[in-house]
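Below is one structure, written out as structure tokens, with a few remarks after it.
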Amino acid sequence: MAQICVYLGSREGENPAFLAAARRFGESLGERGHGLVYGGAGVGLMGALADSAMASGAEVVGVMPHHLVDRELAHTGLTRLIRVADMHERKARMAEHADAFVMLPGGIGTLEEFFETWTWRYLGLHAKPIGVLDSAGFYRPLLDFLDTTVAEGFLNADTRRSLVSGTTPEALLDLIEARLSPP
């Protein structure tokens, strides 16, 4: 069983496909025997992911700074909610508990957490799988931009290949699982 860290929005977004994909990703985690590590909110895509993962039998660990407990509405029904001092500690604790990292639709906080984690991989601080769920084409422009950074000489092709993406939860989890280290 792997612990999959997921970065995603505390809002639902405008496209119902984002909410459906978050729910399906959570279900898939439980069905495949994986656990979830995420930001700990009970609202938006975050809440939907956590609820569906728990309903499917997954262990769910949320990590939330004290100052966000009220703002992001901490989920009260998790397997475990870890309260931390700040965002730096949040990211470190999430990474410490994770065997792989995935990004679902979200805003600037989601992007910041994801890119820091990918940068840590690039710097050799971890070798854990990292992926993007491109729900309803949400991240297609970003993935195309990353391909452009390779073509223009700003990103190494190996680094770009270290990031996998899928358009369905099942496809992405297949790619992540293929890259997980044996227990």
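The values are calculated or read from the model by the stated rules, or taken from the named source; none is laboratory data. Being a predicted model, the structure only gives us computed values, none of them experimental. Here the Cβ is made from the backbone with ideal geometry for all residues, glycine too, and neighbour counts use every protein chain on show.
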Going through the range 126-183 in order, the residues found to be among the hydroxyl-bearing types (Ser, Thr, Tyr) and within 12 Å of MET103 (Cβ to Cβ) are SER135, TYR139, SER165
Contact list, first residue from the range 37-65 and within 19 Å of ASP86 (Cα to Cα), second anywhere and surrounded by fewer than 24 Cβ atoms within 10 Å (Cβ to Cβ) and basic (Lys, Arg), beta-carbon distance below 7 Å, six or more apart or interchain, is VAL61/ARG80; VAL63/ARG90; VAL63/ARG93; MET64/ARG83; MET64/ARG90; PRO65/ARG90
Per the filter on the range 35-61, residues more than 12 Å from LEU8 (Cβ to Cβ) and surrounded by fewer than 24 Cβ atoms within 10 Å (Cβ to Cβ) are GLY35, GLY42, ASP51, SER52, MET54, ALA55, SER56, GLY57, GLU59, VAL61
Got at least one residue in the range 51-70 being at pLDDT below 95, in a loop (DSSP other than H, G, I, E, B) and farther than 20 Å from LEU133 by Cα? yes
Taking the range 74-99 and keeping only residues that are more than 17 Å from the chain's Cα centre (by Cα) and either in a helix (DSSP H, G or I) or among the charged types (D, E, K, R) (or both), one is left with ARG80, ARG83, ASP86
TODO: Restrict the check to the range 159-173 and report whether at least one residue is closer than 17 Å to VAL37 by Cβ and out of contact with any Lys or Arg (no Cβ under 7 Å at 6 or more places or on another chain).
DONE: yes
Over the range 40-89, the set of residues touching a helix residue (DSSP H, G or I) at 6+ places or on another chain (Cβ under 6 Å), within 23 Å of ALA2 (Cβ to Cβ) and of a type outside the set (A, V, I, L, M, F, W, C) is SER52, SER56, GLY57, HIS75
Just checking, does the range 71-83 include any residue being acidic (Asp, Glu) and surrounded by fewer than 19 Cβ atoms within 10 Å (Cβ to Cβ)?
no
Note to self: Going by what's in this entry, would LEU146 be described as under 27 Å from GLU31 (Cα atoms), in contact with a Leu (Cβ under 8 Å, 6 or more places away or on another chain) and crowded, with 16+ Cβ neighbours inside 10 Å?
What the structure shows: no
Of those in the range 102-116 that are crowded, with 24+ Cβ neighbours inside 10 Å and in a loop (DSSP other than H, G, I, E, B), the residue nearest to the chain's Cα centre (by Cα) is LEU104
Taking the range 9-33 and keeping only residues that are touching a residue at least 40 places away in the same chain (Cβ under 8 Å), part of a loop (DSSP other than H, G, I, E, B) and within 24 Å of SER181 (Cα to Cα), one is left with ARG32
